[in-house]
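Here's the structure, in structure tokens; my notes come after.
The values are calculated or read from the model by the stated rules, or taken from the named source; none is laboratory data. What you see is a predicted model, and the numbers here were worked out from it, not measured in a lab. Please note: Cβ atoms are built from the backbone with ideal geometry, for glycine as well, and neighbour counts cover all protein chains shown. Quick note on the areas: whole protein, heavy atoms, side chains included, nothing else; ligands and nucleic acids left out. Shrake-Rupley method; radii C 1.70, N 1.55, O 1.52, S 1.80 Å.
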Amino acid sequence: MATQKTASPAKKSQGFQGIRAAFWVIVCCFIIAVCFFKFYLGNPSHFQGGDNEGHPLDIWGTIYKGGLVVPVIQTLLLTVLALSVERWLALRNAFGTGSLTKFVASIKAALNEKDFNRAQQLCDKQKGSVANVVSASLNAYKAMEGANGIKLSQKIAKIQQAHEEATQLEMPTLQMNLPILATLVTLGTLTGLLGTVTGMIKSFQALAAGGGGDSLALSAGISEALINTAFGITTSWFAVISYGFFTNKIDKLTYALDEVGYSIAQTYEANHAEEA
């Protein structure tokens, strides 16, 4: 019963915790990408003769010549950027309002002084996932203070269990949408490769037709291949950096949780003896 009560504070996270319906983020990014491709990149002002079937006059027209794969890759790129912002906001809230390093040090100092009221006040001030888990562990600590007929090792185990349960309640929020970013690392490259292949097919078709009159079709096919390759690599590049950055942030937070959880259990063991 004490374990269930101590885990509950982790459910009371406040602030932005992330977007659970990432599908709608992808849909919105797709709509934006298609509109940008059709109405801006395909604007006649970017092409000779005011016709988007003609030769491009600038980089925007050249990107438009990348073909229908361009809005698909742009959707993936916008999704990576949108989910990166979403994860940054969510993890910023999870870390709390102050420095995580200072918070952990302050909690350990309060535990060494057996000042649990101060430790709870620090949790209330810090907020975030770490504070929620520490608060759950402190509640378990207090519950074990009044528990009789239980061995010391069992009390310590219950405190550690409360800590682990509270941590598990927070982890899904911390890792939300990271699998999508990991998938986009590969998907961006593969989609860019698909655009490269379709562009080269157009180029070889122009070569097969022969004659100088097909030089425009040849250059258009090569442009499509190179543009899609560049967009695919850019998408994967951003996705790799984003995934690695947020994974490292979560590892740092998890380490802080383990450190303070171990300190709470060790403090209880040091301050209590086995009941006769």
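Descriptive notes on the structure:
- Taken together, the residues in the stretch 166-187 that are in contact with a Phe, Trp or Tyr (Cβ under 8 Å, 6 or more places away or on another chain) and not β-branched (Val, Ile, Thr) amount to 3.
- Within the stretch 30-48, tally of residues that are open to solvent by less than 80 Å² (accessible area, probe 1.4 Å) and in contact with a strand residue (DSSP E or B) (Cβ under 9 Å, 6 or more places away or on another chain): 2
- When LEU193, LEU178, LEU187, LEU169 are checked against the criterion of being open to solvent by less than 40 Å² (accessible area, probe 1.4 Å) and not acidic (Asp, Glu), LEU178 stands alone in meeting it.
- Scanning the stretch 104-160 for residues being assigned to a helix (DSSP H, G or I) and touching a residue at least 60 places away in the same chain (Cβ under 8 Å) gives a total of 26.
- Pick from the stretch 224-276, criterion among the charged types (D, E, K, R) and in contact (Cβ under 8 Å) with a residue 60 or more places away in the chain, ranking: farthest from GLN168 (Cα to Cα): GLU224
- Counted residues, the stretch 76-133 - those being β-branched (Val, Ile, Thr), in the same structural domain as ILE26 (by the TED database) and open to solvent by less than 10 Å² (accessible area, probe 1.4 Å): 2
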